[in-house]
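Participant: Before we start, here is the structure in question, set down as C-alpha cells.
The values are calculated or read from the model by the stated rules, or taken from the named source; none is laboratory data. Since we're looking at a predicted model, the values are computed, not measured. Note that each Cβ is placed from the backbone with ideal geometry, even for glycine, and that neighbours are counted across all protein chains shown.
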Amino acid sequence: MKKIALFRKYGESAEFVARFDSVEEASDQVKDIINEDEDANVFDFYTEEQEYTDIRERVKTYADACEVLGIAEMDEKAFKACGFRPDEIARRKLETITEALNEGWRPDWNNTNEYKYFPWFRILPGKGKDAEGKPCGAAAGLASASAIRAASDPAAYSGSRLCFHDSDIAAYAGDTFRDLYAQILVEKF
C-alpha cells in the first residue's frame, strides 16, 4: 500500500513527521504545525510517496522490533550475568518495541495538546476476593498514580518512554506483548 510521508527540514537534515493516506491530509497537518509554530513555514516541509506495510504486520516480536530499527538484539545472558532482573530486561525490550511501533514519533511532553496513549491492564489475582466474595483485581497503567481517601486527593501523572501516538497501536502493544508488560507491572520473577 502507498502512503504519503511528511518530513520537516531542519537545515541540512530532515525529521519524519507522520504518514498519511493523501497529500491533502499531509497539507492539513502542515497548516496545523504552521499555526502552532511561528518559526515554521510551508517551505520547511516536503512529502514522499512510499510503499508502506502497517507496523503491526512488521512488529510481532522483540526480534522484529530490532530488525525494524536496524539494531542487534540484547544479549539477555550477559544482562543477567551483570545483575539485571527480569523486569529490567523486559523494560528494555518494551522500550525497543515502543520505539519501533511509533515509527519515529517521539512524545513532546511540553505539548499538552498532543495525546499520548498507553496500554491499560486489569490485573486479576487468581485467588483474591473482595468483601462481597467477587474476584478482585487492580487496574494497572504506565502513566499515572494517585492516592484517595486522605486529607487531600493527590495525584501524579508522569511521562513514560512506553507511550504511543495512537490508541490502536497502544492496544496492539498491550495485547501482543502482554507477557513483557506483566514482567514490569507485576512482580513475576
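Participant: What are the residue pairs meeting all of these: first residue in the range 78-97, first residue farther than 14 Å from residue 185 by Cβ, second residue basic (Lys, Arg) and assigned to a helix (DSSP H, G or I), Cβ atoms under 6 Å, and 6 or more apart or on different chains?
Facilitator: Going by the 6 Å Cβ cut-off, there are no qualifying pairs.
Participant: Okay, moving on. I'm trying to understand the selection: among the residues of the range 81-119, which are among the β-branched types (Val, Ile, Thr) and closer than 15 Å to residue 170 by Cβ?
Facilitator: Selection gives 97, 98.
Participant: Further question on the same structure: Those residues that are assigned to a loop (DSSP other than H, G, I, E, B) and over 16 Å from residue 119 (Cα atoms), I need them from the range 92-107; list them, please.
Facilitator: Hits for the range 92-107 are 103, 104, 105, 106.
Participant: So residue 19 clears everything in (1) in contact with a helix residue (DSSP H, G or I) (Cβ under 8 Å, 6 or more places away or on another chain); (2) surrounded by 13 or more Cβ atoms within 10 Å (Cβ to Cβ); (3) in contact (Cβ under 8 Å) with a residue 24 or more places away in the chain except one condition, right? Which one?
Facilitator: If we test residue 19 against (1) in contact with a helix residue (DSSP H, G or I) (Cβ under 8 Å, 6 or more places away or on another chain); (2) surrounded by 13 or more Cβ atoms within 10 Å (Cβ to Cβ); (3) in contact (Cβ under 8 Å) with a residue 24 or more places away in the chain, just (1) comes out false.
Participant: Hey, another quick one. Please determine, by comparing only the residues of the range 163-189 that are part of a loop (DSSP other than H, G, I, E, B) and among the aromatic types (Phe, Trp, Tyr), which one is modelled with the highest pLDDT.
Facilitator: The qualifying residue modelled with the highest pLDDT is 177.
Participant: Looking only at the range 22-60, filter to residues that are exposed (fewer than 13 other Cβ atoms within 10 Å of the Cβ) and among the polar types (S, T, N, Q); which one of those is farthest from residue 176 (Cα to Cα)?
Facilitator: 41
Participant: Something else: Has the range 119-136 got at least one residue that is of a type outside the set (Ser, Thr, Tyr), at pLDDT 85 or above and more than 26 Å from residue 182 (Cβ to Cβ)?
Facilitator: no
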